[in-house]
Amino acid sequence: MDDDYLENVAERIALPTRFHSVEKASPFTNCVECETELTDSGVPYLIEKALRGAETVYEFALCMTCRDKLESSLSKESLSRIEEMYRSQMGRMYHRYFRLRRELQEDSFRSLPDGLDPWLSNCAVTGQSVTPRDERIEIALCQGTELLLGDFPMMISESTMETMMELLSKASRDELDRWRDENLSPSPEWQELLGGPRVFVM
């Protein structure tokens, strides 16, 4: 199963500090749920960060086994609705795929102030651009101490997040909230304001 996530990887680079743990000021070392060691095990994993401007609302690393388990806990109806949303955006998402492949072939991304801008400046689903002040989620696919370039990393805008959450059944939203409460520690300000931020599953 882990190999499936590596099929579209075009290049590997050293994990940028952008995807280090802000809390620990160092790379993530363990899966937030099962605590599998990530640095030396060779297990593919996701890093997810929810951002509000420069503030990190929450952050975690999640191995793919736990990611798949979390997805399977959502209702079939919810997953079907999300898949339909992806299908409705398939043309735009294919355009993103080939644009990023061109960036990698031309090697032009390395000369940018932030080499990940081609991946993270627009929402991966809708193409919506965001400013550094906007709320968003950034997700990276990693293995060991490397970030894997291809479909990932990606950014999901706040409006896309809200749309996706509306597509989920109440039971699925409750399951994501349960997982969040058991595994994450969002800032108290966000807990009070929103009842806790929503966790996203890509």
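Can you find even one residue in the stretch 168-181 that is farther than 18 Å from residue 82 by Cβ, surrounded by fewer than 17 Cβ atoms within 10 Å (Cβ to Cβ) and at pLDDT below 90? Checking the stretch 168-181: at least one residue is farther than 18 Å from residue 82 by Cβ, surrounded by fewer than 17 Cβ atoms within 10 Å (Cβ to Cβ) and at pLDDT below 90. Residues of the stretch 119-161 being within 15 Å of the chain's Cα centre (by Cα), among the charged types (D, E, K, R) and over 18 Å from residue 28 (Cα atoms), which ones? The answer is 135, 136, 151, 158. Within the stretch 69-84, the set of residues being assigned to a helix (DSSP H, G or I) and surrounded by fewer than 16 Cβ atoms within 10 Å (Cβ to Cβ) comprises 69, 71, 72, 76, 77, 80, 83, 84. When the test is whether a residue is of a type in the set (A, V, I, L, M), at pLDDT 90 or above and surrounded by fewer than 16 Cβ atoms within 10 Å (Cβ to Cβ), residue 25 passes it. Does the stretch 127-184 hold any residues that are of a type in the set (Ser, Thr, Tyr) and closer than 26 Å to residue 104 by Cβ, and which are they? 129, 131, 145, 157, 160 - these are the residues of the stretch 127-184 that are of a type in the set (Ser, Thr, Tyr) and closer than 26 Å to residue 104 by Cβ. Taking the condition closer than 17 Å to residue 165 by Cα, of a type in the set (A, V, I, L, M) and crowded, with 20+ Cβ neighbours inside 10 Å, does residue 50 pass? Yes; evaluated as a whole, the condition is true for this residue. Of the residues making up the stretch 50-61, at least one is closer than 26 Å to residue 171 by Cα, without any contact (Cβ under 8 Å) to a residue 60 or more places away in the chain and not in a loop (DSSP other than H, G, I, E, B). Looking at 75, 88, just one residue is touching a residue at least 40 places away in the same chain (Cβ under 8 Å) and among the polar types (S, T, N, Q), and that residue is 75. Only one entry of 108, 129, 88 meets the criterion of being in contact with a Cys (Cβ under 9 Å, 6 or more places away or on another chain), modelled with pLDDT under 90 and loosely packed, with under 14 Cβ neighbours inside 10 Å, and that entry is 129.
The values are calculated or read from the model by the stated rules, or taken from the named source; none is laboratory data. Only a predicted model underlies this, so the values are computations on that prediction, with no experimental measurement involved. Cβ sites come from the backbone with ideal geometry, for glycine too, and all protein chains shown count toward neighbours.
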